[in-house]
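Asks: Here it is, the structure, as structure tokens.
The values are calculated or read from the model by the stated rules, or taken from the named source; none is laboratory data. All of these numbers come straight from a predicted model, not from anything done at the bench. FYI the Cβ positions are ideal-geometry reconstructions off the backbone, even for glycines, and counts take in every protein chain you see.
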């Protein structure tokens, strides 16, 4: 089922295989008819992970990058929408020579073609494929992925790892295997017989339950693994390695295993994360994608939360996150943020909740609370400064008010050099772009301190972008004269990429048009988050 942990399991297997010295190419297969996840409300499917090449993917690709410590992109993400779009496009171009076009075999063939293309491009020793969704779900889109897996296994060595759920009803206190048995039976009707079982549950799976699965489905007990609830998902690779899943997989493929894996750094990270830390701080994330029905979400800002987590371990700092709804708290932001030691205004779209975010920027600026603005958080920081310091009371982004007389943030004419067309009348800057930092600025100091300049190019950094609107250079000189520092621009000086306040005016106020949260990793935290957290401790 969704959110069971297939992505973390796939990422863990990938990491362990890589630690054995093998190259790995992970692939996530989604059932949605969306071509990418950039058009999905993050409340619906979590934070779309932004890849280096501009691919707007599922949240699980972030797990792949963080666990594998390698970049992933378009080759690693497949949706049913992409597959149908390609097949229908080929049909329109008469590539099927008059044959009737059907999901099977034509979409299935396209799935296999994508797998093979990823294998060819990556030259990897292992392709680890994660099939999203639930076995036998009524849309049945994912049945095409299972059919591709069945056919692939007839030609190539393929290990099927089935992640299933064994609930422990609290009024009984005993694991119940029957739902999982029905799932495995449904899988077998598709012609797939699992080689390995990874069992998610509230508690470790005992030998009695393993015996049931082994006896009923002819799976060796040593190929059945417990993936019970842990204190953090980052501990999963350690737990699976402890049980020998990586060794069993390598034996299945008759490939050599290292006698001992070096997981020390990862283990130290996880243990530090879950230990009592030296310092404490409270960080407010001011956004609007926090709830669905009666449920409270953090998945909508998952990459941001993980980035703060990575920096917290680096700084030996326990972080209490305050999730502030910018729509509901508008007009009372002073009260909502009174306990915050640091404030983040992250990505966002549209006009809903904008005034609350602007209030949060003002609170941070006037009260000298460390501030980090990400994408929309940079744009709205510029709007707030124009309103309150320059006195342009109607200053705004054209995304919020198309008729504003002072469009601090506006839409530039399309230029294929910079932008990607997402749909009719919608262009975006997507992917990784260069940025030249201003010497002696806070941004320059942060990246220099952590040795993050591009090799041999002092002041040059690269960050991922995912946005449509841009800073309006018509206001640049006036804002700079009023004290706002433009500390980073595109190499041609056209796009404003970083803004900040001087240190004599504010201890830490910095914002970027980019998305550093998508580059942060457990063993390599992003310097902006490291220094932001450090600044919050000085309050």
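Asks: Quick one: would you say residue 186 is under 27 Å from residue 126 (Cα atoms), over 29 Å from the mean Cα position of the chain (by Cα) and modelled with pLDDT under 95? Reasoning before the result, please.
Replies: On the way: under 27 Å from residue 126 (Cα atoms): yes; over 29 Å from the mean Cα position of the chain (by Cα): yes; modelled with pLDDT under 95: yes.
Spelling it out, residue 186 is indeed under 27 Å from residue 126 (Cα atoms), over 29 Å from the mean Cα position of the chain (by Cα) and modelled with pLDDT under 95.
Quick grid of which residues meet (1) farther than 25 Å from residue 500 by Cβ; (2) in contact with a helix residue (DSSP H, G or I) (Cβ under 8 Å, 6 or more places away or on another chain); (3) modelled with pLDDT of 95 or more:
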site	(1), (2), (3)
294	yes, no, no
307	no, yes, yes
349	no, yes, no
366	no, no, yes
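Asks: Restricting to region 485-505, name every residue that is out of contact with any strand residue (DSSP E or B) (no Cβ under 8 Å at 6 or more places or on another chain) and touching a residue at least 60 places away in the same chain (Cβ under 8 Å).
Replies: Passing the criteria: only 503.
Asks: Residues 28, 86: which one is touching a residue at least 24 places away in the same chain (Cβ under 8 Å) and surrounded by fewer than 19 Cβ atoms within 10 Å (Cβ to Cβ)? Lay out the reasoning, then the answer.
Replies: On the way: 28 fails: surrounded by fewer than 19 Cβ atoms within 10 Å (Cβ to Cβ).
Unique residue meeting the criteria: 86.
Asks: Is it true that some residue in region 506-518 is more than 25 Å from residue 68 (Cα to Cα), more than 29 Å from the chain's Cα centre (by Cα) and at pLDDT 95 or above?
Replies: From region 506-518, those more than 25 Å from residue 68 (Cα to Cα) are 506-513; that's our starting set.
Then keep just the ones that are more than 29 Å from the chain's Cα centre (by Cα); that gives 506-507.
With the extra rule that they be at pLDDT 95 or above, the set shrinks to 506-507.
Yes, region 506-518 has at least one match.
Asks: When you scan region 151-160, do you find a residue that is crowded, with 16+ Cβ neighbours inside 10 Å, farther than 24 Å from residue 11 by Cβ and in the same structural domain as residue 127 (by TED's automatic domain parsing), even just one?
Replies: Yes, there is a match, as at least one residue in region 151-160 is crowded, with 16+ Cβ neighbours inside 10 Å, farther than 24 Å from residue 11 by Cβ and in the same structural domain as residue 127 (by TED's automatic domain parsing).
Asks: Follow-up. Could you check how many residues of region 413-433 are assigned to a loop (DSSP other than H, G, I, E, B) and either modelled with pLDDT of 95 or more or within 16 Å of residue 494 (Cα to Cα) (or both)?
Replies: Residues meeting the conditions: 7.
Asks: If we keep just the residues of region 166-180 that are in contact with a strand residue (DSSP E or B) (Cβ under 9 Å, 6 or more places away or on another chain) and surrounded by fewer than 17 Cβ atoms within 10 Å (Cβ to Cβ), which is farthest from residue 107 (Cα to Cα)? I'd like the intermediate steps shown before the answer.
Replies: Looking only at region 166-180, we keep the residues that are in contact with a strand residue (DSSP E or B) (Cβ under 9 Å, 6 or more places away or on another chain), and these are 166-168, 175, 177, 179-180.
Narrowing the set further to residues that are surrounded by fewer than 17 Cβ atoms within 10 Å (Cβ to Cβ) leaves 167-168, 179.
Working: 167: 35, 168: 38, 179: 30 Å.
The extreme case among them is 168.
Asks: With 56, 44 as the choices, which residue is exposed (fewer than 15 other Cβ atoms within 10 Å of the Cβ) and in contact with a strand residue (DSSP E or B) (Cβ under 9 Å, 6 or more places away or on another chain)? Outline the logic, then answer.
Replies: Values: 56 fails: exposed (fewer than 15 other Cβ atoms within 10 Å of the Cβ).
When all the criteria are applied, what remains is 44.
Asks: Let me ask something additional. Testing residue 209 on (1) buried (at least 16 other Cβ atoms within 10 Å of the Cβ); (2) in contact with a strand residue (DSSP E or B) (Cβ under 9 Å, 6 or more places away or on another chain); (3) free of Cβ contacts under 8 Å to residues at least 40 places away in the same chain; (4) more than 24 Å from residue 264 (Cα to Cα), one condition comes back false. Which one is that?
Replies: Going through (1) buried (at least 16 other Cβ atoms within 10 Å of the Cβ); (2) in contact with a strand residue (DSSP E or B) (Cβ under 9 Å, 6 or more places away or on another chain); (3) free of Cβ contacts under 8 Å to residues at least 40 places away in the same chain; (4) more than 24 Å from residue 264 (Cα to Cα) one by one, residue 209 breaks only (3).
Asks: A follow-up question, please. Checking residue 299 against (1) under 19 Å from the mean Cα position of the chain (by Cα); (2) more than 23 Å from residue 357 (Cβ to Cβ); (3) surrounded by fewer than 21 Cβ atoms within 10 Å (Cβ to Cβ), which single condition isn't satisfied?
Replies: (2)
Asks: State all residues of region 212-230 that are in contact with a strand residue (DSSP E or B) (Cβ under 8 Å, 6 or more places away or on another chain) and either surrounded by fewer than 16 Cβ atoms within 10 Å (Cβ to Cβ) or not in a helix (DSSP H, G or I) (or both); if no residue qualifies, say none.
Replies: Of everything in region 212-230, those that are in contact with a strand residue (DSSP E or B) (Cβ under 8 Å, 6 or more places away or on another chain) and either surrounded by fewer than 16 Cβ atoms within 10 Å (Cβ to Cβ) or not in a helix (DSSP H, G or I) (or both) turn out to be 219, 224, 225, 226, 227, 228, 229.
Asks: Still on this structure: Might you check whether a residue that is crowded, with 18+ Cβ neighbours inside 10 Å, in a strand (DSSP E or B) and either at pLDDT 95 or above or in contact with a strand residue (DSSP E or B) (Cβ under 9 Å, 6 or more places away or on another chain) (or both) occurs anywhere in region 261-283?
Replies: Yes, some residue in region 261-283 is crowded, with 18+ Cβ neighbours inside 10 Å, in a strand (DSSP E or B) and either at pLDDT 95 or above or in contact with a strand residue (DSSP E or B) (Cβ under 9 Å, 6 or more places away or on another chain) (or both).
Let's see how each residue does on (1) closer than 15 Å to residue 25 by Cβ; (2) at pLDDT 95 or above; (3) out of contact with any helix residue (DSSP H, G or I) (no Cβ under 9 Å at 6 or more places or on another chain):
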position	(1), (2), (3)
73	yes, yes, no
83	no, yes, no
99	no, no, no
103	no, no, no
108	no, yes, no
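Asks: Among 443, 474, 482, which is the only one that is surrounded by fewer than 15 Cβ atoms within 10 Å (Cβ to Cβ), in contact (Cβ under 8 Å) with a residue 40 or more places away in the chain and in the same structural domain as residue 389 (by TED's automatic domain parsing)?
Replies: Values: 443 fails: surrounded by fewer than 15 Cβ atoms within 10 Å (Cβ to Cβ); 474 fails: in contact (Cβ under 8 Å) with a residue 40 or more places away in the chain.
Selected residue: 482, the only one of 443, 474, 482 that is surrounded by fewer than 15 Cβ atoms within 10 Å (Cβ to Cβ), in contact (Cβ under 8 Å) with a residue 40 or more places away in the chain and in the same structural domain as residue 389 (by TED's automatic domain parsing).
Asks: Condition check: assigned by TED's automatic domain parsing to the domain that holds residue 18, loosely packed, with under 13 Cβ neighbours inside 10 Å and at pLDDT 95 or above. Does residue 251 satisfy that?
Replies: Details: assigned by TED's automatic domain parsing to the domain that holds residue 18: yes; loosely packed, with under 13 Cβ neighbours inside 10 Å: no; at pLDDT 95 or above: yes.
In short, no.
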